[in-house]
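One structure is given here, and the rest of the page talks about it.
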Amino acid sequence: TPTPNPVPESVTSNVVSVNHSSNTVSKLEVGTKVSTLINSVKEKQYAAVYNNGVLVGQDAVLATGMTLNIVDNGKICRTYTIIVTGDTSCDGKVNITDLIAIKSHILKKSTLSDYKYLGGDTNGDGKVNITDFIKIKGYILKKNGISGVTVQ
């Protein structure tokens, strides 16, 4: 009898950024669907997206804070937090709420933590600062885009 393929220990992709030390999947653009993300990872037969512990449908739009999980027979084996570039409010959109969160962070009135901080870092320099604020403001005003990775 053939030996079944073992469940992979991690997710790999040539399309999205997978960080195994921080367990994040990042550089996703606003509007990316669950099915698109799953189809971009090599281990798609084991991949599932959850939001607050609830399985998300294939047509749902990704949001910062959702998780991409490796699942084997209903058991979650590994979890990666999803980071949508510009989405600090975890709603899958980039809007005035995100702009205000970044402004408050810059002015030290509040702190973006963990994956929200990563979502606010729109230029990928490891910091959330005025450059990110300007990029989000321009995006909201439809003057520029925010580039993550356009998953196809």
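The values are calculated or read from the model by the stated rules, or taken from the named source; none is laboratory data. Computed from a prediction, not measured in an experiment: that's the story for all the values here. Ideal geometry is used to build each Cβ from the backbone, glycine not excepted, and the neighbour counts take in all protein chains shown. Note: areas computed on protein heavy atoms with side chains; ligands, DNA, RNA excluded. Shrake-Rupley method; radii C 1.70, N 1.55, O 1.52, S 1.80 Å.
When the range 18-49 is filtered for residues that are open to solvent by 40 Å² or more (accessible area, probe 1.4 Å) and either within 26 Å of Gly124 (Cα to Cα) or among the β-branched types (Val, Ile, Thr) (or both), the ones remaining, listed by number, are Asn19, His20, Ser21, Ser22, Asn23, Lys27, Glu29, Val30, Gly31, Lys33, Asn39, Lys42. The set of residues in the range 27-57 being part of a strand (DSSP E or B) and under 15 Å from Ser10 (Cα atoms) consists of Ala47, Ala48, Val49.
Among the helices (runs of 4 or more DSSP H) confined to the range 93-152, the ones with at least 1 residues that are in contact with a strand residue (DSSP E or B) (Cβ under 6 Å, 6 or more places away or on another chain) and closer than 17 Å to Glu29 by Cα are located at 114-120. Scanning the range 58-92 for residues that are modelled with pLDDT of 95 or more, open to solvent by 50 Å² or more (accessible area, probe 1.4 Å) and assigned to a loop (DSSP other than H, G, I, E, B) yields Gln58, Asp59, Asp91. Scanning the range 93-144 for residues that are open to solvent by 50 Å² or more (accessible area, probe 1.4 Å) and in contact (Cβ under 8 Å) with a residue 60 or more places away in the chain turns up Lys93, Tyr115, Leu118, Gly124. Taking the conditions exactly as written (in contact with a Ser or Thr (Cβ under 8 Å, 6 or more places away or on another chain) and at positive phi), does Lys42 satisfy them or not? Answer is no for this residue.
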